[in-house]
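In what follows, a single structure is set out as structure tokens and then discussed.
The values are calculated or read from the model by the stated rules, or taken from the named source; none is laboratory data. Not measured: the values here are computed from a predicted model. Cβ placement follows ideal geometry from the backbone for every residue including glycine, while neighbour counts extend to all protein chains displayed. Quick note on the areas: whole protein, heavy atoms, side chains included, nothing else; ligands and nucleic acids left out. Shrake-Rupley method; radii C 1.70, N 1.55, O 1.52, S 1.80 Å.
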Amino acid sequence: AVPKTRILATGGASHNTTILQVLSDVFNAPVYTIDTANSACLGSAYRAIHGLVAERNVSLADVVKSAPEPRLAVTPTAGAEEV
């Protein structure tokens, strides 16, 4: 089974609920955010850690288990997919 789509918004625009609502409505998917500054750097750091432990066959999923849990910011407006 294919998991349902969800969007993880980061950066400055992730603090603007109007922008998040547009994303949610256009893609008909819930939008989540994380309360982490410099999220692009955070992603790079997780990839670097993954590279360091790659010889031990540690998956990226295992590396990011300690990542902050995303919180639901907005859900699609009812009927938006019909527009």
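For the chain, modelled as a GNM whose springs connect Cα atoms under 10 angstrom apart, the maximal fluctuation among Asn57, Asn16, Asn38 occurs at Asn57. Taking trypsin sites (Lys or Arg not before Pro) across the chain, the ones in a DSSP loop with at most 14 further Cβ atoms lying within 10 angstrom of their Cβ are Lys4, Arg6.
Compute the relative contact order of the stretch 7-74 as a whole-number percentage, counting only Cα pairs closer than 8 Å that sit 6 or more residues apart in sequence. Before the final figure, lay out the partial values.
Values: 67 pairs, mean separation 28.4, N = 68.
After rounding, I find 42 percent.
When the surface is traced with a 1.4 Å probe over the full set of protein chains, Ser66 keeps roughly 90 Å² accessible.
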